[in-house]
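Q: The structure's right below; bear with me while I get my questions together.
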């Protein structure tokens with residue numbers, strides 16, 4: 001079998017260059033930037049703070065609230081500023097991906113806000129956003145059981161690959177593209193998974209190995225950025 | 001200057017029966033796992049994570065600095081940077097207060113040093129019946145991360161004493177991260193502010209009080 | 001970040017009377033300006049501007065649209081601004097504050113009235129197809145003076161913007177493909193600068209601490225002594241003499257900022 005060729009020359013299990021940094025929004029209680037190649041997301045955390053309006057508070061539970069947004073010029077065809085159906089869904093997905101690890105009930109009646117903005121997009125923006133959010137939450141001193149790592153595993157024709165780019169999302173050969181963003185905890189539990197495309201169930205189960213392998217490198221980058229922020233000083 | 005171990009949530013800090021989980025950690029089987037981002041402290045096998053970030057969590061006994069937000073019939077609502085407002089009853093002011101003249105004692109926008117004497121489900125109760133507390137008149141207010149406050153105060157107040165001495169300023173460090181500085185000259189206040197910022201930026205460094213002594217020798221009142 | 005207490009405000013004013021500022025700057029001195037262009041590859045042009053800790057991102061996108069009925073041979077210009085909730089603890093989810101609307105309007109008028117963009121050259125077919133120039137401004141971190149940061153960012157983003165390829169058959173641009181052509185701009189670079197009055201002092205580029213106690217401000221968009229747009233904000237009155245001083249300060253500063261922009265654009 002000849003080696004599978006990806007448009008940007010990467011190996012099938014190779015991530016794009018990771019960029020990770022904390023403290024990018026000085027006003028926030030915690031903040032981080034995470035990038036997969038040309039896809040760059042920043043996340044800022046505020047709180048815990050009082051939830052407004054008051055009736056939305058739960059006196060026993062804390063609330064983790066995520067807002068995902070793409071800057072209008074982050075993609076080639078301008079997006080109208082403001083929330084869309086897509087961004088609202090991804091906001092919720094991001095909350096679900098993070099809730100299992102964030103010990104939000106330490107702050108009953110309060111909200112922790114995570115604002116995610118994608119400043120440049122070349123696919124996998126929700127994964128970059130979740131990676132940035134996990135770092136920003138840690139940076140903000142929010143108690144967490146674990147970090148999470150998020151990566152998009154793809155199936156191009158019949159081949160599984162790690163970290164899809166836009167060109168691959170539009171794969172035209174054979175069985176076409178399948179996009180499977182997956183978020184995992186440190187011990188490999190799934191906090192988020194979505195899928196668009198077509199894939200046999202048996203092969204779907206193989207994607208987790210790739211996600212775990214990528215997760216290791218993502219986690220390493222997250223940890224390095226967080227540690228450096230203290231050590232540099 | 002020795003570097004300290006940094007904890008990331010989820011990380012295994014120590015492994016073995018002998019370790020006891022303290023604040024910011026939990027035990028999973030034989031492992032001590034970090035739950036917060038911060039500096040690791042091992043005190044006779046009691047493992048803690050000392051946070052370096054996070055908002056202020058009010059605790060009774062804390063001296064904090066706040067701003068008068070509202071005047072009610074029987075006291076003042078004080079903003080101490082917590083989600084809930086805090087309340088200073090007129091009974092908790094160390095003098096007789098005429099009910100018709102609450103504003104004459106403390107008005108909206110005034111800055112006060114207060115002590116939290118109770119945190120409960122109804123809110124936060126404050127008092128100024130202690131030496132050094134009450135309305136603060138002149139000076140500047142600066143804000144730092146509340147987790148850096150212990151470093152600014154130092155062991156038994158060694159750091160803040162040094163800063164007060166070197167800058168000739170009166171300083172009150174609120175546990176909520178608000179700091180009041182009052183000196184004869186604005187330059188002195190800004191010099192104290194600069195010194196405090198230096199401490200917060202180097203909070204992870206050990207031997208910081210000695211480092212600050214050198215810093216003062218080097219800076220000699222220079223504020224820019 | 002708390003609102004600047006009155007107490008601190010008084011000290012800032014006293015110090016300004018001596019001609020000094022808390023961060024050591026002179027009254028007419030900007031913070032360190034950093035301008036980086038090409039920060040978002042999918043935009044036609046983009047810029048990140050930092051004034052100290054203040055950060056804004058500006059992007060320029062082009063699209064093909066119908067011209068307005070009163071300008072059949074001209075491209076369109078649209079400026080929007082969003083104060084991202086991430087940029088300040090004082091912002092909450094929900095409707096945008098008035099400040100973001102005002103900022104977009106002020107920047108729009110400066111660019112429009114100075115004819116910085118040669119909109120006539122952005123006509124593809126008279127009465128039918130023209131280029132639509134959309135400038136979007138986002139605050140990333142607000143430590144004061146978003147207005148001037150946005151103005152500088154808009155200019156830098158426009159100066160580096162390329163025109164997308166145009167598909168004659170569909171009458172639409174080919175998104176993600178660019179020509180070598182730049183957006184046609186005038187030689188004059190209009191720069192928008194804001195002077196604040198605090199006590200009896202006039203300052204530029206306030207930090208948030210200073211902006212909190214500013215009593216009135218005037219934003220002037222000018223180039224080489226010609227004023228193209230102007231806005232006085234906030235309710236404190238100004239004397240004519242003070243207004244003259246404001247213009248002097250703007251004229252002096254505008255040249256410095258122009259150099260700063262030019263030296264930062266590749």
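Q: Quick one: residue C:116 ticks every box in (1) crowded, with 20+ Cβ neighbours inside 10 Å; (2) within 13 Å of chain A (Cβ to nearest Cβ) bar one, so which box is it?
A: (2)
Q: Another one. Checking residue B:222 against (1) assigned to a loop (DSSP other than H, G, I, E, B); (2) more than 20 Å from residue B:112 (Cα to Cα); (3) at pLDDT 95 or above, which test does it fail?
A: (3)
Q: Pick from C:12, C:2, C:35: which is under 30 Å from residue A:117 (Cβ atoms) and within 14 Å of chain B (Cβ to nearest Cβ)?
A: Result: C:2 is the single residue among C:12, C:2, C:35 that is under 30 Å from residue A:117 (Cβ atoms) and within 14 Å of chain B (Cβ to nearest Cβ).
Q: Next up: Name the residues in the stretch B:58-108 that are within 23 Å of residue B:148 (Cβ to Cβ) and free of Cβ contacts under 8 Å to residues at least 24 places away in the same chain, would you?
A: Hits for the stretch B:58-108 are B:79, B:83.
Q: Select from the stretch A:180-223 the residues that are within 14 Å of chain B (Cβ to nearest Cβ) and loosely packed, with under 14 Cβ neighbours inside 10 Å and write down the one among them that is farthest from the chain's Cα centre (by Cα).
A: A:187
Q: Shifting gears a bit: Which residues, taken from the stretch A:66-78, are at the interface with chain C (Cβ under 9 Å from one of its Cβ atoms) and surrounded by 19 or more Cβ atoms within 10 Å (Cβ to Cβ)?
A: Answer for the stretch A:66-78, where residues must be at the interface with chain C (Cβ under 9 Å from one of its Cβ atoms) and surrounded by 19 or more Cβ atoms within 10 Å (Cβ to Cβ): A:67, A:69, A:71, A:72, A:73, A:74, A:75, A:76, A:78.
Q: How many residues, within the stretch B:25-46, are modelled with pLDDT under 95, part of a strand (DSSP E or B) and loosely packed, with under 13 Cβ neighbours inside 10 Å?
A: 1
Q: Now for a separate question. If you take the residues in the stretch A:34-59 that are part of a strand (DSSP E or B) and within 14 Å of chain B (Cβ to nearest Cβ), which one is modelled with the lowest pLDDT?
A: A:50
Q: Suppose we keep only residues that are touching a residue at least 60 places away in the same chain (Cβ under 8 Å) and at the interface with chain C (Cβ under 10 Å from one of its Cβ atoms) within the stretch A:13-33. Which one would you say is nearest to the chain's Cα centre (by Cα)?
A: Across the stretch A:13-33, the extreme among qualifying residues is A:31.
Q: In addition: Hey, does the stretch C:159-181 have a residue that's within 14 Å of chain A (Cβ to nearest Cβ), touching a helix residue (DSSP H, G or I) at 6+ places or on another chain (Cβ under 8 Å) and touching a residue at least 24 places away in the same chain (Cβ under 8 Å)?
A: No, the stretch C:159-181 has no match at all.
Q: Next up: Has the stretch A:148-170 got any residue that is modelled with pLDDT under 95, part of a loop (DSSP other than H, G, I, E, B) and in contact with a strand residue (DSSP E or B) (Cβ under 9 Å, 6 or more places away or on another chain)?
A: Within the stretch A:148-170, one or more residues are modelled with pLDDT under 95, part of a loop (DSSP other than H, G, I, E, B) and in contact with a strand residue (DSSP E or B) (Cβ under 9 Å, 6 or more places away or on another chain).
Q: I've got another one for you. Can you pull out every residue in the stretch B:1-24 that is over 19 Å from residue A:136 (Cα atoms) and either more than 27 Å from the chain's Cα centre (by Cα) or not in a loop (DSSP other than H, G, I, E, B) (or both)?
A: B:12, B:13, B:14, B:15, B:16, B:17, B:18, B:19, B:20, B:21 - these are the residues of the stretch B:1-24 that are over 19 Å from residue A:136 (Cα atoms) and either more than 27 Å from the chain's Cα centre (by Cα) or not in a loop (DSSP other than H, G, I, E, B) (or both).
Q: Check A:155, A:92 and return the single one that is more than 10 Å from chain B (Cβ to nearest Cβ), touching a residue at least 12 places away in the same chain (Cβ under 8 Å) and crowded, with 24+ Cβ neighbours inside 10 Å.
A: When all the criteria are applied, what remains is A:155.
Q: For residues in the stretch B:194-212 being in contact (Cβ under 8 Å) with a residue 24 or more places away in the chain and more than 13 Å from residue B:160 (Cβ to Cβ), which is nearest to the other protein chains (Cβ to nearest Cβ)?
A: B:204
Q: On to the next question. Here are some conditions: (1) closer than 20 Å to residue A:101 by Cβ; (2) surrounded by fewer than 16 Cβ atoms within 10 Å (Cβ to Cβ). Residue A:170 meets all but one. Which one does it not meet?
A: Here residue A:170 clears every test but (1).
Q: Do you know which of the residues in the stretch B:134-177 that are under 23 Å from residue B:38 (Cβ atoms), more than 11 Å from every other protein chain (Cβ to nearest Cβ) and in contact with a strand residue (DSSP E or B) (Cβ under 7 Å, 6 or more places away or on another chain) is surrounded by the fewest Cβ atoms within 10 Å (Cβ to Cβ)?
A: B:153
Q: When the stretch A:60-72 is examined, which residues are found to be part of a loop (DSSP other than H, G, I, E, B) and touching a helix residue (DSSP H, G or I) at 6+ places or on another chain (Cβ under 9 Å)?
A: If the condition is that a residue be part of a loop (DSSP other than H, G, I, E, B) and touching a helix residue (DSSP H, G or I) at 6+ places or on another chain (Cβ under 9 Å), then A:60, A:61, A:62 are the ones that fit.
Q: Restricting attention to the stretch B:106-133, report how many residues are crowded, with 19+ Cβ neighbours inside 10 Å and within 14 Å of chain C (Cβ to nearest Cβ).
A: So the count comes out to 5.
Q: Check off (1) crowded, with 21+ Cβ neighbours inside 10 Å; (2) under 21 Å from residue C:7 (Cα atoms); (3) within 14 Å of chain A (Cβ to nearest Cβ) for residue B:85 and give me the number that stays unchecked.
A: Only one criterion in (1) crowded, with 21+ Cβ neighbours inside 10 Å; (2) under 21 Å from residue C:7 (Cα atoms); (3) within 14 Å of chain A (Cβ to nearest Cβ) is unmet by residue B:85, namely (1).
The values are calculated or read from the model by the stated rules, or taken from the named source; none is laboratory data. Since the model is a prediction, treat every value here as computed from it, not as a measurement. Quick reminder, even Gly has a Cβ in these numbers, built from the backbone with ideal geometry, and neighbours come from all protein chains shown.
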